[in-house]
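Working notes, beginning with the structure itself.
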């Protein structure tokens, strides 16, 4: 939060609330990405087929990057 709204003593409460909302919005895609990765590693039918494993792990990584993007863009929107 300090990256977007300042340090604790100088923090803008409205900005902090908006960043908190961006954090909450980034949780669902992060959970989906983690779930895809765990399933890819846990299911033997996927784990033993390297092309399928690579595909699912690539999708998980892209969804994780999307979650990071939500957090990053949300922080900049909150800052402005």
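Listed values, structure above:
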quantity: Angle in degrees between helix 50-79 and the longest Cα principal axis of the chain, rounded to the nearest 10; calculated: 10
quantity: Helix 13-42 vs. the chain, principal-axis angle (Cα, 0 to 90°, nearest 10); calculated: 10
quantity: Net length gained if the chain between residue 80 and residue 57 were fully extended (0.36 nm per residue, minus Cα distance); calculated: 4.8 nm
quantity: For region 2-79, the spread of Cα positions along each principal axis, largest first, Å; calculated: 53, 16, 16
quantity: Nitroxide proxy distance, nm - points 7 Å out along Cα→Cβ at residue 3 and residue 17; calculated: 2.4
quantity: Those residues of region 56-80 whose amide nitrogen sits under 20 Å from the label point placed on residue 47, 7 Å along Cα→Cβ; calculated: 56-61
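Read-outs throughout are calculated quantities, based only on the coordinates presented, and are distinct from any laboratory measurement. Note that the coordinates shown come from a computational prediction; the quantities given were computed from them, not determined experimentally. Cβ sites come from the backbone with ideal geometry, for glycine too, and all protein chains shown count toward neighbours.
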